[in-house]
Amino acid sequence: MRWRHPVFVCLISALALVPAASEAAGVSVRGSWIREAPPGMTMMAGYMELRNNTSRLQVLVAASSAGFETVMIHRTIVKDGMAGMVHLSQIELAPIANLIFAPGGYHLMLMNPKRTLRAGDPVVINLEFRGGLVLPVAFEVRK
């Protein structure tokens, strides 16, 4: 029973506090998930709905996770009929607005997972905003 392991119990308990912390900071995240990758893949993608609940601009400047070597902010674009990814150094989130991270659009590029992740596994990704705000967000791996 891997969910009864003390590490998972502590992680799940800590993740229960994440939505409250993000709401208090004026930024909320809903529907956060990571697409499960085939064994041996070194890249995965994370998706979510990011909402700015404040009357001021919020700027996402970075993301990180202890579960991955590198986390980058990307956007899929189509140019001359060819899809490709563009690395973004930041994303501006307008006041009282939301931004969807979804397949074919904005996403978090998750490089070199530190362990094999399977559907149902939790992963924490820290979203870093201009001004020093860091939000730990619980992502669930899905098929």
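Counting only residues 5 or more places away or on other chains, whose amide H sits under 5 Å from the amide H of residue 63 once H atoms are built in the peptide plane?
Distant-sequence amide H within range of residue 63: 128.
By how many nm would the segment from residue 119 to residue 100 lengthen if fully extended, with 0.36 nm per residue of separation less the alpha-carbon distance?
Extra length available between residue 119 and residue 100 comes to 4.7 nm.
Cα-Cα pairs above 18 Å in the stretch 53-143: how many percent?
Percent of Cα pairs beyond 18 Å in the stretch 53-143: 51.
Could you check the spin-label model distance between residue 80 and residue 59? Points 7 Å from the Cα along Cα→Cβ, value in nm.
For the pair residue 80/residue 59, the computed spacing is 3.2 nm.
Distance in nm between label sites at residue 142 and residue 92, each 7 Å beyond Cα in the beta-carbon direction?
In this crude label model, residue 142 to residue 92 measures out at 3.1 nm.
For the pair residue 134/residue 69, report the inter-label distance in nm, with labels modelled 7 Å from Cα in the Cβ direction.
Result: 2.2 nm between the two label points.
None of the figures in this text is laboratory data; all of them are computed from the coordinates on show. For clarity, every value in this text was computed on a predicted model and none was experimentally measured. Ideal geometry is used to build each Cβ from the backbone, glycine not excepted, and the neighbour counts take in all protein chains shown.
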